[in-house]
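All remarks here apply to the structure that follows.
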Amino acid sequence: MAAPATLFKETKTSMERFDWDLAITELRRRDKDLGRIIDAMEPRRPQNRGEMRSPFDALLRSIVYQQLSGKAAKTIHTRLLALFPGHRPSARALLAMDDETLRSAGLSRPKIVAVRDLAMKVAARGVPSKRKLQTMSDEAIIEDLIRIRGIGQWTVEMLLIFNLDRADVLPATDLGVRRGFMLCRRNESMPEPQELLDAGERWRPWRSVAAWYLWRACEEPEKWR
C-alpha cells in the first residue's frame, strides 16, 4: 500500500537535519527565561549530534542509563562496552554472554532481562534498521520500539533526540527536564508532565532543543543563575 501524501511529507521533513541556530534564535524570542539559559551555555549544542552506529547500540545505552545518574550510568556503560570486541556491541555477542558476565559490568537483573530481550529481537530482525527508522515518524518509532521489554516512551525519546536528531520531542516525564524547567521559571516545585507539555507548546517545533537546554540548566545551574 502506498503511503499517504501527508505521511510522506511528515517523514521527509523528519529526515532533514534541522537548523539548530534557527531553533535557538526562535526559542530566545519566544521564551525569555529559556533565552537566558541559552545565552549562558557553552557548548551551544550536543556533541556527536545525530550519531548512531546502530539501533541496538543506541537502545542498549538507553537501557543502561535508565533510572541512574549520568556518572553512574556512564561507568556501567563503559564496562559493558569493554565486554565486546573493539567496544562495538552486537546482539549476537551479547546473547553469547552469561548473566554473571553482564552482572560484572554493573547491570541489575531487570536490565539483564531487558538487554537480552532487545538482543533477541534485533537478532531476529524484529527491530527496524537505522535506515528504516530514518523514514519513520516519531510516533511510529515509539509505537514500534516500546514492544521491547524494558523500553518505554522515555527510552525511545532519547533515541529520537540524540541519535535520530529529531527536532520536536519533549520528554515530559524526564526528571532532569522537569527540574530544569522548575529552575528556569524559579518555581518551588517541579511541573507535572502534562503541565510541562502544556508549557512546551510555545517551543514547537524545536522542543528537543528546549529540552536539551533544560537538562543543561539542571546540570550546570552555576553558569546561568
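The values are calculated or read from the model by the stated rules, or taken from the named source; none is laboratory data. Owing to the predicted nature of the structure, the values given are computational and were not obtained by experimental measurement. Note that each Cβ is placed from the backbone with ideal geometry, even for glycine, and that neighbours are counted across all protein chains shown. Protein only, heavy atoms only, side chains kept; ligands, DNA and RNA dropped before computing areas. Shrake-Rupley method; radii C 1.70, N 1.55, O 1.52, S 1.80 Å.
Restricting LEU214, LEU196 to those that are over 17 Å from ASP39 (Cβ atoms) and open to solvent by less than 20 Å² (accessible area, probe 1.4 Å) reduces the list to LEU196. Close Cβ contacts (under 8 Å, 6 or more residues apart or on different chains) running from residues in segment 17-34 that are on the phi < 0 side of the Ramachandran plot to residues that are buried (at least 17 other Cβ atoms within 10 Å of the Cβ) and of a type in the set (D, E, K, R) comprise ARG17/ASP165; PHE18/ASP165. Please enumerate the residues belonging to segment 1-19 that are crowded, with 16+ Cβ neighbours inside 10 Å and either modelled with pLDDT of 95 or more or not in a helix (DSSP H, G or I) (or both). Answer for segment 1-19, where residues must be crowded, with 16+ Cβ neighbours inside 10 Å and either modelled with pLDDT of 95 or more or not in a helix (DSSP H, G or I) (or both): just PHE18.
For ARG202, state whether it is under 18 Å from THR25 (Cα atoms), at pLDDT below 95 and part of a helix (DSSP H, G or I).
Criteria not met by ARG202.
Per the conditions (1) among the aliphatic types (A, V, I, L, M); (2) farther than 26 Å from MET190 by Cα; (3) surrounded by 15 or more Cβ atoms within 10 Å (Cβ to Cβ); (4) out of contact with any Lys or Arg (no Cβ under 8 Å at 6 or more places or on another chain), the sole criterion not satisfied by ILE161 is (2).
For segment 168-179, how many residues meet the condition of being among the small types (Gly, Ala, Ser) and at pLDDT below 95?
First pass over segment 168-179, keeping only residues among the small types (Gly, Ala, Ser): 172, 176.
With at pLDDT below 95 added as a condition, the list becomes 176.
Going through segment 168-179 one residue at a time, the tally reaches 1.
Please indicate, with yes or no, whether at least one residue in segment 142-159 is within 18 Å of LEU27 (Cβ to Cβ), assigned to a helix (DSSP H, G or I) and touching a residue at least 12 places away in the same chain (Cβ under 8 Å). Working first, answer last.
Quick first cut of segment 142-159, residues within 18 Å of LEU27 (Cβ to Cβ) only: none.
So far as segment 142-159 goes, no, none of its residues is within 18 Å of LEU27 (Cβ to Cβ), assigned to a helix (DSSP H, G or I) and touching a residue at least 12 places away in the same chain (Cβ under 8 Å).
Just give me the residues in segment 114-131 being part of a helix (DSSP H, G or I), under 21 Å from the mean Cα position of the chain (by Cα), surrounded by fewer than 19 Cβ atoms within 10 Å (Cβ to Cβ) and touching a residue at least 24 places away in the same chain (Cβ under 8 Å), in sequence order. Within segment 114-131, ASP117, LYS130 meet the criteria. Restricting to segment 49-102, name every residue that is free of Cβ contacts under 8 Å to residues at least 24 places away in the same chain, on the phi < 0 side of the Ramachandran plot, part of a loop (DSSP other than H, G, I, E, B) and open to solvent by 30 Å² or more (accessible area, probe 1.4 Å). Once the filter is applied, which keeps residues that are free of Cβ contacts under 8 Å to residues at least 24 places away in the same chain, on the phi < 0 side of the Ramachandran plot, part of a loop (DSSP other than H, G, I, E, B) and open to solvent by 30 Å² or more (accessible area, probe 1.4 Å), segment 49-102 yields LEU68, SER69, ALA82, LEU83, ALA96, ASP98.
Kindly indicate whether ASP174 is open to solvent by less than 30 Å² (accessible area, probe 1.4 Å) and within 23 Å of ASN48 (Cβ to Cβ). Show your work before the answer.
Values: open to solvent by less than 30 Å² (accessible area, probe 1.4 Å): yes; within 23 Å of ASN48 (Cβ to Cβ): yes.
When the stated conditions are applied, ASP174 passes them.
For residues that are out of contact with any Lys or Arg (no Cβ under 6 Å at 6 or more places or on another chain) and open to solvent by less than 70 Å² (accessible area, probe 1.4 Å), tally how many sit in segment 39-48. So the answer is 3.
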